[in-house]
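These notes concern the structure reproduced below.
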Amino acid sequence: MIGSMKVLSMLLAGLTVGYAISDIGPFDSLLSSTAQFGSFWSIVNGLTVVAISACVASVALARARARVSIVVAIASALVVVFQTVGMVTGLLGHWAGAVATGAVLAAVAVLAGRHRGEQATLAVAVLGAGLLGGPLDALVEANDGPVFVWDVVGAEDDVSPQRAIVMVILASATAAALFLAHRNDEPEPYETRRILLVGLALPVTVGVLRWIAASHDAGSAVWLVGLAGMTASAVVASFLLPGRDGRLLLVLCALSAGVFGTFGLAAGNSAQLALTVGLLILGAGIGYRWPHLYVGLGGLLVVAVAGVIEGYADVQTGSEFVLPLIAAYVVVSALTISPGSLALSLPALFTTTLPVTAYAASFQTASVYDRAVFTPTTEHDPMVFSAAGLVVVAVMTCACGVLTRRPTEKSDPPRV
């Protein structure tokens with residue numbers, strides 16, 4: 001059995017990575033601070049860099065000693081903290097935060113090895129913190145009680161003291177837990193070059209498709225082509241990964257492009273946030289004890305069908321409250337995979353979602369005149385999202401069925 005300290009280290013590391021990801025804008029260019037929404041330069045955004053960094057670092061670290069991964073994880077977590085508290089600003093800070101977040105994810109994935117319990121804890125923590133980080137910030141900032149605040153120098157700095165405090169606590173605890181739990185670990189087997197190839201190509205391909213679809217409404221021909229291209233890219237990438245490792249990628253893409261794009265997670269207030277976290281933990285526990293991938297995918301299909309009913313008949317089914325349990329269950333059921341495949345797949349949850357945009361004019365007062373500034377706003381067409389989500393989940397389910405028939409490429413059984 002794996003030690004409790006190792007599970008704790010994966011939990012803290014996953015929360016650190018997910019919480020950092022929740023603050024990264026999917027369209028904010030890291031090449032040009034003045035790039036407008038839908039700009040070609042938005043292809044190189046924070047989430048794309050996180051995905052590429054995680055893949056490259058995981059392949060490199062899988063060939064090194066465990067202590068190297070510990071050092072990289074701790075150093076990268078410190079960089080994320082420095083960026084969060086405003087010590088590294090501008091494009092340099094955004095680049096540093098994205099690269100470091102990917103490096104933390106890669107290092108802890110390598111440290112988790114093929115231990116199913118550690119992989120499950122890491123994956124669910126990244127999933128939960130990445131999707132609930134924004135609502136958590138809103139709830140924390142709504143608290144009018146005393147807050148420990150430090151002064152940040154510089155007009156360009158935009159620092160949330162509450163988020164900074166949370167990140168400092170998470171990163172500090174992660175550093176200590178990783179060192180205590182993994183300082184005596186043995187090196188893990190090296191990763192194949194196919195993982196590096198897929199990990200570099202998939203985020204770039206998805207980024208191009210998102211850029212093409214960024215200025216188009218949901219349901220338009222261009223948007224649907226982008227969704228089809230993104231789905232096809234995920235399927236092809238999953239079959240290029242070794243053995244059955246691509247199942248997790250398919251599951252996460254189904255969640256992202258399909259179900260999560262329609263509903264999201266219920267976290268409008270503290271009670272809903274607590275319920276969602278509880279359901280994530282419960283789903284992970286059930287999936288760890290009784291893993292059945294097809295049961296989880298069947299649950300996703302049911303939620304997607306419920307979304308179609310909501311969009312067509314305008315009837316609330318409450319599926320968003322069951323979704324966290326199903327999501328955690330199906331993700332854990334798709335494990336165990338290689339460390340490189342895990343680091344490659346987890347960012348797909350956040351990168352494989354197509355935007356829905358509408359342009360609204362807001363007026364800003366200049367020094368001597370008024371000017372209209374067009375800014376993107378997000379709106380949802382429930383029926384289009386639901387129907388598209390159902391198709392994506394169905395395609396990913398079929399692909400998982402085909403992929404499961406492939407033999408594994410790992411002779412040693414996973415240790416639990």
Can you tell me which condition Tyr329 does not meet? The list is (1) of a type outside the set (A, V, I, L, M, F, W, C); (2) modelled with pLDDT of 90 or more; (3) touching a Pro at 6+ places or on another chain (Cβ under 9 Å); (4) outside any helix (DSSP H, G or I), and all the others hold.
(4)
Quick one: would you say Ser338 is within 25 Å of Cys55 (Cα to Cα) and at pLDDT 75 or above?
yes
I'm checking my understanding of the structure. Among residues of region 206-238 that are under 20 Å from the mean Cα position of the chain (by Cα) and hydroxyl-bearing (Ser, Thr, Tyr), which one is surrounded by the fewest Cβ atoms within 10 Å (Cβ to Cβ)?
Ser233
Filter pass, Val198 being under 21 Å from the mean Cα position of the chain (by Cα), β-branched (Val, Ile, Thr), at pLDDT 90 or above and more than 21 Å from Val44 (Cβ to Cβ):
no
Before we move on, is Ser32 surrounded by fewer than 22 Cβ atoms within 10 Å (Cβ to Cβ), touching a Phe, Trp or Tyr at 6+ places or on another chain (Cβ under 6 Å) and either assigned to a helix (DSSP H, G or I) or at pLDDT below 90 (or both)?
yes
Exception for Ala394 within (1) among the hydrophobic types (A, V, I, L, M, F, W, C); (2) within 30 Å of Leu200 (Cβ to Cβ); (3) modelled with pLDDT under 75 falls at (3)
Scanning region 186-205 residue by residue, those surrounded by 17 or more Cβ atoms within 10 Å (Cβ to Cβ) and either among the small types (Gly, Ala, Ser) or within 19 Å of Leu122 (Cβ to Cβ) (or both) turn out to be Glu188, Glu191, Ile195, Gly199
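Determine, yes or no, whether Val259 is touching a helix residue (DSSP H, G or I) at 6+ places or on another chain (Cβ under 9 Å), at pLDDT 90 or above, under 24 Å from Ala394 (Cβ atoms) and surrounded by 19 or more Cβ atoms within 10 Å (Cβ to Cβ). I'd like the intermediate steps shown before the answer.
Details: touching a helix residue (DSSP H, G or I) at 6+ places or on another chain (Cβ under 9 Å): yes; at pLDDT 90 or above: no; under 24 Å from Ala394 (Cβ atoms): yes; surrounded by 19 or more Cβ atoms within 10 Å (Cβ to Cβ): yes.
No.
Does Ala177 meet the test of being at pLDDT 90 or above, in a helix (DSSP H, G or I), open to solvent by 30 Å² or more (accessible area, probe 1.4 Å) and over 30 Å from Gly243 (Cα atoms)?
Taking the combined requirement at face value, the residue does not satisfy it.
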Breaking point among (1) touching a residue at least 60 places away in the same chain (Cβ under 8 Å); (2) assigned to a helix (DSSP H, G or I); (3) open to solvent by 20 Å² or more (accessible area, probe 1.4 Å), for Ser69
(3)
Going through Ile52, Ile70, Ile74, Ile43 one at a time, which residue ends up being among the β-branched types (Val, Ile, Thr) and modelled with pLDDT of 95 or more?
Ile52
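Here are Leu61, Leu131, Leu105, Leu78: which of them is over 19 Å from the mean Cα position of the chain (by Cα) and crowded, with 24+ Cβ neighbours inside 10 Å?
Leu61
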Taking the condition of being surrounded by 21 or more Cβ atoms within 10 Å (Cβ to Cβ) and at positive phi, how many residues in region 81-100 meet it?
0
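The values are calculated or read from the model by the stated rules, or taken from the named source; none is laboratory data. Owing to the predicted nature of the structure, the values given are computational and were not obtained by experimental measurement. Positions of Cβ are generated from backbone atoms using ideal geometry, with glycine treated the same way; all protein chains shown enter the neighbour counts. Surface areas here come from the heavy atoms of the whole protein model, side chains and all, with no ligands, DNA or RNA. Shrake-Rupley method; radii C 1.70, N 1.55, O 1.52, S 1.80 Å.
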